[in-house]
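Please treat every number below as a calculation from the coordinates, not as lab data. This is a predicted model, so every value here is computed, not measured. Counting neighbours? That spans all protein chains shown, and the Cβs are built from the backbone with ideal geometry, glycine included.
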Amino acid sequence: METISWNDFEKIELRAGRILSAEIFAEARIPAYILRIDFGPEIGVLKSSARITDRYTPEELAGRMVAAVVNFPKKQIGPLMSECLTTGFYDENGGVILCVPDMDVPLGSKLC
């Protein structure tokens, strides 16, 4: 495991957001959703591709809080320009469990 400095960590904009919608990303090679996530007035609504179809349905994702990196460069994924990286942890079967605050926090709150 590589060690990073505190200054490196401070550069990461890991922010809390609320999923507004999730739709099937039909053009994805690996099953995924397109998430629209609201990070509050400072950052706004960003799109993210998330490979979480084995654990979540679009209906249960809407309204959930998530943690996402909002200052990576945008990434073209097929026809989608992904604007943030939604975070999660792999389970024992390789599925992804979302990394989420366990209580509501203000949209756009930075991980400290």
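Here are the numbers for the structure shown:
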quantity	calculated
Dipole magnitude of region 6-98, debye to nearest 20 (Cβ charges: Lys/Arg +1, Asp/Glu -1, about Cα centre)	200 debye
Efficiency of FRET from Cβ geometry, residue 75 and residue 9, R₀ 25 Å, rounded to 0.05	0.70
Relative contact order (percent, whole number), the chain, Cα cutoff 8 Å, 6+ residue spacing	30 percent
Order of 83, 59, 27 - criterion: other Cβ atoms within 10 Å of each residue's Cβ, fewest first	59, 27, 83
Gaussian network model of the chain, springs between alpha carbon atoms under 10 Å - residue of 55, 15, 64 with greatest fluctuation	55
Computed over region 31-89, the ratio Rg/Rh where both radii use C-alpha atoms and Rh is Kirkwood	0.93
All lysines inside 20 Å of residue 110 as judged from Cα atoms, apart from same-chain residues fewer than 8 positions distant	11, 47, 74
Pairwise label distance in nanometres, residue 23 with residue 57, each label 7 Å out on the Cα-Cβ vector	1.9 nm
Most fluctuating residue given options 26, 62, 50, as computed from a GNM of the chain linking Cα atoms under 10 Å	26
